[in-house]
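Comments concern the structure below.
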Amino acid sequence: MQQMIANVTLLAAGLSAALLTGCASTGGSSCCGSTSEGTIMKEPFGKTLDGQAVDIYTLRNTNGVEARIMTYGGTLVSLKVPDKSGNFGDVVLGCDSVPDYQKQTAYFGALIGRYGNRIAKGQFVLDGKTYHLDINNPPNSLHGGTNGYDKVIWAAKPVPTDSGPSLEMTYVSKDGEEGYPGTLKIKAVYKLTEDNSLRIEFTATTDKDTVVNLTGHTYWNLAGKGNILDHVVMINADKFTPVDETLIPTGVLQPVDGTPFDFRTPTAVGARIEQVNEQIKFGKGYDHNWVLNKETDKLDVAASLYDPTTGRMLQVLTTSPGVQFYSGNFLDGTVTGKGGWVYQFRNGLCFEPQHFPDSPNQPNFPSTELKPGEKHHNIIEYKFSVK
Ligand code: GLA
């Protein structure tokens, strides 16, 4: 069933034909992994409930780090990285089959759009016209609506590069889809590099004025089990955007000083998560956007995550102005994930690098408008190490 698609380095060097044949005939990871900058393999990953075929691509670098990405939702299904003893383990939450992904509402590992996070009351005004979106998280619209980009099948093709296996995913979101104006052409390129980084680079163009906020929704658990309360978080932000009880920002940029939202010094997730605090109460824990201490459009560190038991360390870099840190507060034991793990309260956490929630209705937030002739651009990089 497996088909080795490309020995990435040599494909880039123009020597692909002979090697492709060689890889395809031997198949499996032993074929090319040890002699190149990495490999990509394509396999069927079953079908959606309505019978659409879904493929899964396995990207592997020469250190043995392996990322698996499926075409349904452009989803990062698994990511295996070493711990401090060199043992590889999967550090992302997800499901075993496509129908299981379709049944859950947690957005495990998916690409998110057209608009990451919430738009108040599912409406906004653009060029004097009011647009009405799908209210899938009453009273608001969340993550692009019921059929957001996490629920569609993306086209995928491996692309040649000399710095690691790379998978280009594309999706065309039609004018009016889930209520958003303009046909949006989106490209999301996943790349696994030799320094154990997985990068997602989004670009998008439109044929009418629209709003765009693309991100990734991977849940991390660097221990591969249990809850994430002992994971140590750093967020490179002096301010965050407090919310109302429906998780819509009030519009204020509030200093984190003296609050449980101050992660400038690395702190365990659980250290202050039960504090009596209105914002913690609204989020049922952390479910907020932080205003990053960095220039927008510059790729820089947004956050880091460290698990003392395994020594695994994740740095999240982005070009976006914000990051949503969500501590898995809606996980409640109703989803059985990969390998039979029943995901309980706070068994995983997300960092969603993005523009601020509800920006189309918030004049003092950085703009998320995209016009014809412009290019939306957002890079997310997950960089792994041990300490
Ligand atoms: C984001 C939101 C959360 C929740 C999750 C998905 O992080 O901010 O409130 O909807 O996605 O469960």
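The values are calculated or read from the model by the stated rules, or taken from the named source; none is laboratory data. Worth saying up front: this structure is predicted, and the values here are computed from it rather than measured. For neighbour counting, all protein chains shown are included, and Cβ atoms are generated from backbone atoms with ideal geometry for every residue, glycine included.
Within the range 96-119, residues that are within 19 Å of ASN289 (Cα to Cα) sit with their Cβ atoms under 7 Å from residues that are charged (D, E, K, R), at 6+ positions apart or across chains, in these pairs: TYR107/ASP150; ALA110/ASP150; LEU111/ASP150; ILE112/ASP150; ARG114/GLU178; GLY116/GLU352; ARG118/ASP358; ILE119/ASP358.
Please determine whether any residue of the range 263-286 is surrounded by 17 or more Cβ atoms within 10 Å (Cβ to Cβ), within 18 Å of the chain's Cα centre (by Cα) and not small (Gly, Ala, Ser). Taking every residue of the range 263-286 in turn, at least one turns out to be surrounded by 17 or more Cβ atoms within 10 Å (Cβ to Cβ), within 18 Å of the chain's Cα centre (by Cα) and not small (Gly, Ala, Ser).
Answer with yes or no whether LYS371 is closer than 24 Å to TYR115 by Cβ and either touching a helix residue (DSSP H, G or I) at 6+ places or on another chain (Cβ under 7 Å) or not hydroxyl-bearing (Ser, Thr, Tyr) (or both). For LYS371, the condition - closer than 24 Å to TYR115 by Cβ and either touching a helix residue (DSSP H, G or I) at 6+ places or on another chain (Cβ under 7 Å) or not hydroxyl-bearing (Ser, Thr, Tyr) (or both) - is met.
Conditions (1) assigned to a strand (DSSP E or B); (2) within 12 Å of the ligand (Cβ to nearest atom); (3) surrounded by fewer than 23 Cβ atoms within 10 Å (Cβ to Cβ), marked per residue:
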{"residue": "MET313", "(1), (2), (3)": "yes, no, yes"}
{"residue": "VAL316", "(1), (2), (3)": "yes, no, no"}
{"residue": "VAL323", "(1), (2), (3)": "yes, yes, no"}
{"residue": "GLY339", "(1), (2), (3)": "no, no, yes"}
{"residue": "CYS350", "(1), (2), (3)": "yes, yes, no"}
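Kindly indicate whether PHE263 is closer than 17 Å to GLN315 by Cα and either in a loop (DSSP other than H, G, I, E, B) or not acidic (Asp, Glu) (or both). For PHE263, the condition - closer than 17 Å to GLN315 by Cα and either in a loop (DSSP other than H, G, I, E, B) or not acidic (Asp, Glu) (or both) - is met. In the range 173-190, what residues are surrounded by fewer than 20 Cβ atoms within 10 Å (Cβ to Cβ) and either part of a strand (DSSP E or B) or within 17 Å of the chain's Cα centre (by Cα) (or both)? Those that are surrounded by fewer than 20 Cβ atoms within 10 Å (Cβ to Cβ) and either part of a strand (DSSP E or B) or within 17 Å of the chain's Cα centre (by Cα) (or both): LYS185, LYS187, VAL189. Scanning the range 114-133 for residues that are more than 14 Å from the ligand (Cβ to nearest atom) and either touching a Ser or Thr at 6+ places or on another chain (Cβ under 8 Å) or not in a strand (DSSP E or B) (or both) gives ARG114, LYS121, GLY122, GLN123, PHE124, LEU126, ASP127, GLY128, LEU133. Please indicate, with yes or no, whether at least one residue in the range 165-172 is within 25 Å of LYS103 (Cβ to Cβ), in contact with a strand residue (DSSP E or B) (Cβ under 6 Å, 6 or more places away or on another chain) and buried (at least 18 other Cβ atoms within 10 Å of the Cβ). Yes, some residue in the range 165-172 is within 25 Å of LYS103 (Cβ to Cβ), in contact with a strand residue (DSSP E or B) (Cβ under 6 Å, 6 or more places away or on another chain) and buried (at least 18 other Cβ atoms within 10 Å of the Cβ). Would a scan of the range 121-143 turn up a residue that is touching a helix residue (DSSP H, G or I) at 6+ places or on another chain (Cβ under 9 Å) and among the small types (Gly, Ala, Ser)? The answer is yes; a qualifying residue exists. Listed by first and then second residue, the pairs with beta-carbon distance under 8 Å, at least 6 apart or on different chains, first residue in the range 339-358 and in contact (Cβ under 8 Å) with a residue 24 or more places away in the chain, second away from the ligand (no atom under 13 Å from the Cβ) and of a type in the set (Phe, Trp, Tyr), are ASN347/TRP341; HIS355/PHE365; PHE356/PHE365; ASP358/PHE365. Selection of first residues in the range 229-242 that are on the phi < 0 side of the Ramachandran plot and modelled with pLDDT of 95 or more and of second residues that are acidic (Asp, Glu) and in a strand (DSSP E or B), restricted to Cβ pairs under 7 Å at least 6 apart or on distinct chains, gives the following pairs, ordered by first then second residue: HIS231/ASP307.
For the range 196-253, a residue qualifies if it is among the acidic types (Asp, Glu) and within 19 Å of the chain's Cα centre (by Cα), and exactly one does: GLU201.
Just one of the numbered conditions (1) in a loop (DSSP other than H, G, I, E, B); (2) of a type in the set (A, V, I, L, M, F, W, C); (3) surrounded by 16 or more Cβ atoms within 10 Å (Cβ to Cβ) is not true of VAL301: (1). The condition of being within 20 Å of the chain's Cα centre (by Cα) and crowded, with 23+ Cβ neighbours inside 10 Å holds for GLN354.
Where residues in the range 71-108 are aromatic (Phe, Trp, Tyr) and either over 21 Å from GLY51 (Cα atoms) or part of a loop (DSSP other than H, G, I, E, B) (or both), which of them is farthest from the ligand (Cβ to nearest atom)? Here the answer is PHE88. A single entry from ARG346, ARG312 fulfils the requirement of being closer than 19 Å to GLY285 by Cβ and among the basic types (Lys, Arg): ARG346. Restricting the range 138-163 to residues that are within 14 Å of the ligand (Cβ to nearest atom), free of Cβ contacts under 8 Å to residues at least 40 places away in the same chain and not in a loop (DSSP other than H, G, I, E, B) leaves a set whose member that is surrounded by the most Cβ atoms within 10 Å (Cβ to Cβ) is SER141.
How many residues are more than 9 Å from the ligand (Cβ to nearest atom), part of a loop (DSSP other than H, G, I, E, B) and of a type outside the set (A, V, I, L, M) if we restrict to the range 275-295?
Going through the range 275-295 one residue at a time, the tally reaches 7.
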